[in-house]
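Undergrad: If you scroll down you'll find the structure; I have some questions about it.
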Amino acid sequence: MAPFARAFAIGIAALAIAATSAAPARCADDHVRVTLVGTGGPEINPTRFGYSTLVEAGGEKLLFDAGRGVVQRLYESRVNPREVTKIFLTHLHNDHIEGLPTLWITPWFLLARDQPLEIWGPPGTQKMVKGMREMFSDVEKRGGVNGFNKIEYMDIKAEEIGEGTVYDRNGVKVTAFKVSHGDGDPAVGYRIDYGGRVVVLSGDTVYSPNVVAAAKGADLLVHNVVGFSDAWVARPGAEKQRNAVASKLASPEQVARAFSEATPRLAVLSHIVKKDLSGRAGDDFIVQQIRKNGYNGPMLMGEDRTVIDIDAKDIKVHPPQPTDKLPDLDNRNVKLDEAP
Ligand SMILES: [Zn+2]
């Protein structure tokens, strides 16, 4: 069985939730689409790129975090990166912003992005954006060289947020809530509301009652997880390392608790960090640890580029589509959503 089908089968036995190999059609007005653009943590991994999640609703495209490889993964997900201009950051750790410079520059330079970026993030976001602009100050001198890349579209409006509603346009509301990521730096999770549908992203956190409160009965709860294989834990000195990581990210036990208390229609794992000796352990041990700790509801082990369509009746999960026939994304006229 393909990895996707196997991981999926572990979690979903019944309910109106279906895995479908059909390519997702264009996002309809009456539903919410969530694309797991990148599902990794900071590690370099052959199949998981940096953490990013795209939420589409009411004609809006909202990106949550911009991990390493985000532009590549958006393209492979048939989303033109020039259309992704609204970015919400959970916190400023490198694995959540490494893709930001590329998302800022490349669609502007090559793909005729015709609007500035808007970024929402915790305190420190404006300083980070200023630093990024200084680092890439050379790029801004290239305004106009392609005839379409106007310098005003390189602008970035950066807004520093606290808790509460941070965005409310076209019926799409985004609410931030504090989470606990261990080192004292501000970190938030996000709840997205649209047309009665609710998607909650935990961000990087250990078990957090705020995540559970935001996600109570939600359609989707996307939660981070760090899994430790038995062999990894058995090594001398492993406990100290485990405690350091476990003070920042959610263990399978904690994830099981959050999912059990929130009871979302579909629980999803993303920002998946695996600690094992070979580096090649599959995902199953994490899923098994979550099951062992008492969560028995529908659950999906996230894979990069998985698309989840949610409406009142159904949740449809589309596995990653093939990428070998995608057209090069080197000009502004490519229609990615019609690509094979
Ligand atoms: Zn992270």
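Undergrad: So, in the stretch 310-340, how many residues would count as being under 15 Å from the mean Cα position of the chain (by Cα) and crowded, with 18+ Cβ neighbours inside 10 Å?
TA: Looking only at that region, the number is 0.
Undergrad: Condition (residue is open to solvent by 30 Å² or more (accessible area, probe 1.4 Å) and under 30 Å from residue 263 (Cβ atoms)) applied to the stretch 144-162: is it met by at least one residue?
TA: Scanning the stretch 144-162, I find at least one residue that is open to solvent by 30 Å² or more (accessible area, probe 1.4 Å) and under 30 Å from residue 263 (Cβ atoms), so the answer is yes.
Undergrad: Test each condition in (1) out of contact with any Gly (no Cβ under 7 Å at 6 or more places or on another chain); (2) in contact (Cβ under 8 Å) with a residue 12 or more places away in the chain for residue 172 and report the one that comes out false.
TA: Checking residue 172 against (1) out of contact with any Gly (no Cβ under 7 Å at 6 or more places or on another chain); (2) in contact (Cβ under 8 Å) with a residue 12 or more places away in the chain, the one that fails is (1).
Undergrad: Just to verify a result, which residue in the stretch 246-291, among those that are over 20 Å from the mean Cα position of the chain (by Cα) and within 16 Å of the ligand (Cβ to nearest atom), is nearest to residue 305 (Cα to Cα)?
TA: 275
Undergrad: Same structure again: Return yes when residue 97 is within 16 Å of the ligand (Cβ to nearest atom) and among the β-branched types (Val, Ile, Thr) and no when it is not.
TA: In short, yes.
Undergrad: Same structure again: Looking at (1) farther than 25 Å from residue 86 by Cβ; (2) of a type in the set (A, V, I, L, M); (3) more than 15 Å from the ligand (Cβ to nearest atom), can you tell me which one residue 225 breaks?
TA: (3)
Undergrad: Looking only at residues in the stretch 22-44 that are over 11 Å from residue 307 (Cβ atoms), in a loop (DSSP other than H, G, I, E, B) and more than 13 Å from the ligand (Cβ to nearest atom), which one is least open to solvent (accessible area, probe 1.4 Å)?
TA: It comes out as 31.
Undergrad: Ok, one more. Among the residues of the stretch 235-245, how many are open to solvent by less than 50 Å² (accessible area, probe 1.4 Å) and within 16 Å of the ligand (Cβ to nearest atom)?
TA: Total satisfying the criteria: 1.
Undergrad: Out of the residues in the stretch 69-90 that are buried (at least 23 other Cβ atoms within 10 Å of the Cβ) and within 15 Å of the ligand (Cβ to nearest atom), state the one that is nearest to residue 45 (Cα to Cα).
TA: Step by step, filter the stretch 69-90, then rank; the result is 70.
The values are calculated or read from the model by the stated rules, or taken from the named source; none is laboratory data. The structure presented is a predicted model; accordingly, all values stated were derived computationally and were not measured. Here Cβ is always computed from backbone atoms with ideal geometry, including for glycine, and neighbour counts include all displayed protein chains. These accessible areas exclude ligands, DNA and RNA; they are computed on the full protein's heavy atoms, side chains included. Shrake-Rupley method; radii C 1.70, N 1.55, O 1.52, S 1.80 Å.
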